[in-house]
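K.L.:
Quick one: the structure is below, questions incoming.
Readers should treat all values here as calculations from the given coordinates under stated rules, not as data from a laboratory. As the structure is a computational prediction, the values presented were derived from the model and not from experiment. Neighbour counts are summed over all protein chains in view; Cβ atoms, including those assigned to glycine, are modelled from backbone coordinates with ideal geometry.
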Amino acid sequence: MFEAIKAWLQPYIDLLQPYFNEITGAFSDYTYLQAAFLATLGYVIGRFLARYLPELLHSSLGSVNIKMSDDVVALTRFPLFNLTFFSGLLLAVHVSNLNIAVAFALKSILKSTMIAVIGLFIYRLGKLSLEHIAHHRDKRGIIQPQTLPLFTNAVMVFVLVGASHQIFAVWHVDMTALLASAGIAGLAIGMASKDMLADVIAGILILTDSPYRLNDIIWVNDKGVKGKVTRIGIRSTRILTGDNMEIIIPNAVMGNSRIMNETSAPDSGFRVKLEISTASGVNSETVRALLLNVTSQHKDVLQDKPQVVHLIHFNQDSATFRLLCWVEHTDKQAAVAAQLREAIYTRLLQDSIPLGQAVQEIAITQFPDSRQEIAIKEMPDSSRTIYVKEVPNLFGAPPSKKPENTTPEVSS
């Protein structure tokens, strides 16, 4: 980097070299006086440039109507003075006949400080530019107040990596091993945090494509969630439901879900849809006139938008009508729908219009098999032989003599 700067300044150095040699020739025998003179000259020139060059820059930027010209001018004062002053110190070290190691160390320290000053200026200028873009450009751009920290940190990492590389190069340190280690570490970190990176990338795409914005009412169909978007972050989206519960959904899930946005239409208003059933045989024009009369008397129904009644279904038992009207805010949809149902129900009863009966159809597709088969595999043997040795005296009669050598036998 310093070689490129030196090549750019070489024509100016060649132009001023004779005058510089003439001035320093007076101190040719006093090395330290030359060094002090160069350091003082660098300080004076640095103060002069920091004082007047930003004013010239301010007038140039003001002529082209750049809004952040004041901030840019304020940023240039610090690097102008420090770079000029440290350049004078480098020349002072160069003309001082110091030890080679000491001179190398001093020059490396001064060059490292100059690299740090340049890196800080680039970071501040990049941050200022990003803030200007985020707050003054189209809200559909990728750089927005929500994504500003991401890009600011990216600029900081870029500056730190570049400045570190240049500082190591000034001290003649080989960066090959460090870069290889950094690549392996980056690969490991990327594999470990792939889910978080997926959320971050999805968040950037959501902010760029803008399928929904802050305060939009959306449906996340795959999750069955409806609510107002309160925050779109890099990693997640926050939705406030009608039950006053905040749901946090990762952006990777939002990016892969089907989103229905109720507030992104060019025309304002939210539709209320009701279905009313009456008995079959009721005049449809009578029902239509009744429904439209109810909506025309409601204060929250938008009268400048069409109010429509359609007959969507009928059979031998009932006829179903669909009423479509509009309200201004989505928060009033549920309340207006409930109020309209109650008013329509009351009017139907007042006008003696019979309500439709719910039809239930029962279809018997199969009868259960009620047959039972019984198989008798074996009949038990129920025959038994009983031997009575003595008959009890039930009536008090004297016992009769038994015939000798005889035993009665009863079979059953």
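K.L.:
At q = 0.18, 0.23 Å⁻¹, what is the log10 ratio I(q)/I(0) for the stretch 197-261, with the Debye formula run over Cα points and no solvent?
P.N.:
Values, matching the q order: -0.54, -0.90.
K.L.:
Pairs K194/K228; K226/K332; K127/K226; K194/K226: which are spaced more than 26 Å apart, C-alpha to C-alpha? Show your work: numbers first, answer last.
P.N.:
Details: K194/K228 29 Å; K226/K332 15 Å; K127/K226 37 Å; K194/K226 28 Å.
Beyond 26 Å between Cα atoms: K194/K228; K127/K226; K194/K226.
K.L.:
When the Kirkwood radius is taken over all Cα pairs of the stretch 270-350, what Stokes-Einstein diffusion coefficient follows at 4 °C and 1.567 mPa s, in µm²/s?
P.N.:
Rounded to a whole number, D works out at 100 µm²/s.
K.L.:
Shape of the stretch 74-198 from its Cα gyration tensor (a ≥ b ≥ c, root eigenvalues): rounded if a/c is under 1.5, otherwise prolate when a/b > b/c, or oblate?
P.N.:
Details: a/c = 6.06, a/b = 1.48, b/c = 4.09.
In terms of gyration-tensor shape, oblate.
K.L.:
Can you work out ³J(HN,Hα) from phi for every residue in the stretch 297-302, in order, using Karplus 6.51 cos²θ - 1.76 cosθ + 1.60 and θ = phi - 60°, giving whole Hz and x for Gly and Pro?
P.N.:
Listing the rounded values in order: 8, 8, 6, 8, 7, 6 Hz.
K.L.:
Now a separate question. With the convex hull built on the Cα atoms of the stretch 77-147, state its orientation-averaged projected area in nm². Intermediate values should be presented prior to the final figure.
P.N.:
Numbers: hull surface 24.5 nm².
Averaging across all directions leaves 6.1 nm² for the Cα convex hull.
K.L.:
Still on this model: Arrange the peptides 109-118, 266-275, 81-90, 283-292 so that the one whose residues have, on average, the most other Cβ atoms within 10 Å appears first.
P.N.:
Going by the mean number of other Cβ atoms within 10 Å, highest first, we get 81-90, 109-118, 283-292, 266-275.
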